[in-house]
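Worksheet: one structure, shown below.
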Amino acid sequence: MGVSVQCSPVGPLAGGRDPYRPPSSQSGGVSLGSMQRQVNLHVDLVKKGTYGRRVVRPMNPRYITIHSTQNYTAGADKHSEALKNGALRSPKTRYGNRIGFLIWHFTVEDGKAIQHLPTSEQGEHADFAGPGNRLSIGIEMCENRGNNLATTVERTAKLTAVLMKQKGIPLNNVVPHYHWPRRGKTPPNKNCPHFLLDHGRPGAKWRKFLGRVDYYYRQITP
Ligand SMILES: [Zn+2]
């Protein structure tokens, strides 16, 4: 009875995956659905006709705007509740505060993301009546104590990659809140998301984040 001695299967023909190739390199091979599942998205929309959705304003998104909450006690669930209860009022301004409540599309924390607003509707998170609100999907990253920030940033990068794929948005149009000047505010460009900016401006940390977004985007199979 011949027992064939062979090495453990290696190479792309043996096991399907070349073990010498780093997982998910370049054109990788993760389906959009699989990447979406990795984001762990919970949909918990603000009720249509209330607070931030009192007026439904259609949007064809061309940008993705990244924020951080600067709230060190509340995670994604508490932000979702606050948006649904009308607890987050937008600052009074002469420059186009049209609905009086803050609203954005997604909040991300280390273990999940929550969607508050359809991506086909404008939010109120960036620059009053400016293009940041009129044309961009708003994503807030949680930074409450106990929430792992690095994991939150990775999850945000995955969600951004999924949205780019779904909406045909290029990497150049993934911007920090800083990108959108706020009329009537000093300084006009907000230091947001502060932990991804260098001295209050996009620099090495922001470029690194865009690198992570690009990495995940390239993993998604066409
Ligand atoms: Zn912001």
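A count restricted to the range 53-66 and to residues that are surrounded by fewer than 23 Cβ atoms within 10 Å (Cβ to Cβ) and either in a strand (DSSP E or B) or within 16 Å of the ligand (Cβ to nearest atom) (or both) stands at 2. Condition test on G211, is it without any contact (Cβ under 8 Å) to a residue 24 or more places away in the chain, small (G, A, S) and on the phi > 0 side of the Ramachandran plot? So G211 does not fit the description; no. Looking at the structure I just gave you, is A150 assigned to a helix (DSSP H, G or I), buried (at least 22 other Cβ atoms within 10 Å of the Cβ) and either of a type in the set (A, V, I, L, M) or modelled with pLDDT of 95 or more (or both)? The answer is no for A150.
Once the range 192-222 is narrowed to residues that are part of a loop (DSSP other than H, G, I, E, B) and more than 17 Å from the chain's Cα centre (by Cα), the residue that is farthest from R62 (Cα to Cα) is H199.
Which of the residues that make up the range 117-133 are within 16 Å of the ligand (Cβ to nearest atom) and touching a residue at least 60 places away in the same chain (Cβ under 8 Å)? Matches in the range 117-133: L117, Q122, G123, E124, H125, A126, P131, G132. Counting only residues that are surrounded by fewer than 11 Cβ atoms within 10 Å (Cβ to Cβ), farther than 19 Å from Q70 by Cβ and of a type outside the set (G, A, S), the range 197-222 holds 1 of them. Going through the range 165-191 one residue at a time, which ones are touching a Gly at 6+ places or on another chain (Cβ under 8 Å) and either buried (at least 19 other Cβ atoms within 10 Å of the Cβ) or acidic (D, E) (or both)? Across the range 165-191, the qualifying residues are H177, Y178, H179, W180, R182.
The values are calculated or read from the model by the stated rules, or taken from the named source; none is laboratory data. Keep in mind the model is a prediction, meaning the values are calculated, not measured. Note that each Cβ is placed from the backbone with ideal geometry, even for glycine, and that neighbours are counted across all protein chains shown.
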